[in-house]
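Working notes, beginning with the structure itself.
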Amino acid sequence: MIQITALPAFTDNYIWLLQDHSTRHCAVVDPGDAAPVQAWLDAHPGWVLSDILVTHHHHDHVGGVQALRNATNATVYGPASENIPARDVALEDNANVNVLGLDFDVYAVPGHTLGHIAYYHRGLLFCGDTLFAAGCGRLFEGTPQQMHHSLGRLAALPEDTLVYCTHEYTLSNLKFAAAVEPANPDIAARLEKVIQQRDQGVITLPSTLALEKLTNPFLRTAETSVKQKADERNGQRNQTPSEVFAALRAWKDKF
């Protein structure tokens, strides 16, 4: 049985810590800072950091990789087409890796960066900055079409999949979602809950794909209400879901 813990980093990052209590081995996802991971290891003597999973090259996701590898000799996995510090295993689309006894499928999900990947094991999705709770990542390198396709691949996974993204952006994302779909009762209910969680300092992750499909505008680009609002915002008829996505993303960038 794998236990998953969020290690907060910087202002709103989460480093995901996977723990196998039978072996006392653990893995981390996107350690942008080595200090929270090292502090956990120091507080839990006897545990071994065996694996480091990286989704993309941004510093707030890889800044601690080299130091952790130097300290633990953990195996570092990362996208083949990006510059990942200390990477041991370069991963392409449809690769498979075994970490803590779990088989993870690798999905290429370009958009936020061109080489961004996600890791999926039945019921678990580590998606970096591609899919967020009620949102998606900014398009720093990829095109709207690429990101829309990437989100579609993730949305096709089973609805009970737990979504482990890497930022606490849920509240701001839901405020945008409510602007896109003011009459959506699922968004209203989720926003009310998340306001309470954040007021209490409670983490809002993981989400589920089922919840995202109900409340995340970037997964709802085929909905008539979403298309109408996107058309209204940019003053044109968006002919395809990817055009609706592009209009939403441009709106969110200025929201």
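Below are the figures for this structure:
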read-out	value
Residues K254, K229, sorted so that the one with the fewest Cβ neighbours within 10 Å comes first	K254, K229
Estimated distance in nm for a label pair at D103 and D12, the labels positioned 7 Å out from Cα along Cα-to-Cβ	3.7
Gaussian network model of the chain, springs between alpha carbon atoms under 10 Å - residue of G115, G46, G135 with greatest fluctuation	G46
Paramagnetic label zone (point 7 Å from Cα along Cα-to-C-beta, I203; backbone N under 19 Å) in the stretch 95-117	100
Options A210, P79, C26, ranked by Cα towards positive dipole end of the chain, top entry (Cβ charges)	A210
Point-charge dipole on Cβ atoms (K/R +1, D/E -1) for the stretch 185-255, about Cα centre, debye to 20	100
Computed label-point distance, nm, for sites I2 and T240 using a 7 Å Cα→Cβ extension	3.4
Likely footprinting exposure, K193, K252, fewest C-beta neighbours within 10 Å first	K193, K252
Mean Cα-pair separation over length for the stretch 106-168, i.e. relative contact order, pairs under 8 Å, 6 or more apart, %	40
Beta bridges by DSSP in the chain, antiparallel share as percent, to the nearest 5	65
Cα-centre dipole for the chain with unit charges at Cβ (Lys and Arg positive, Asp and Glu negative), debye to 20	540
Cα lying deepest toward the dipole's positive end in the stretch 136-255, options L248, L191, Y169, charges on Cβ	L248
Distance from the stretch 82-122 to the stretch 24-42 (C-alpha centre basis), Å	18
GNM result for the chain, Cα springs below 10 Å: residue of D231, D160, D12 fluctuating most strongly	D12
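No lab work stands behind these numbers, since they all come straight from the coordinates. None of the values given here were measured: they were computed from a predicted structure. Here the Cβ is made from the backbone with ideal geometry for all residues, glycine too, and neighbour counts use every protein chain on show.
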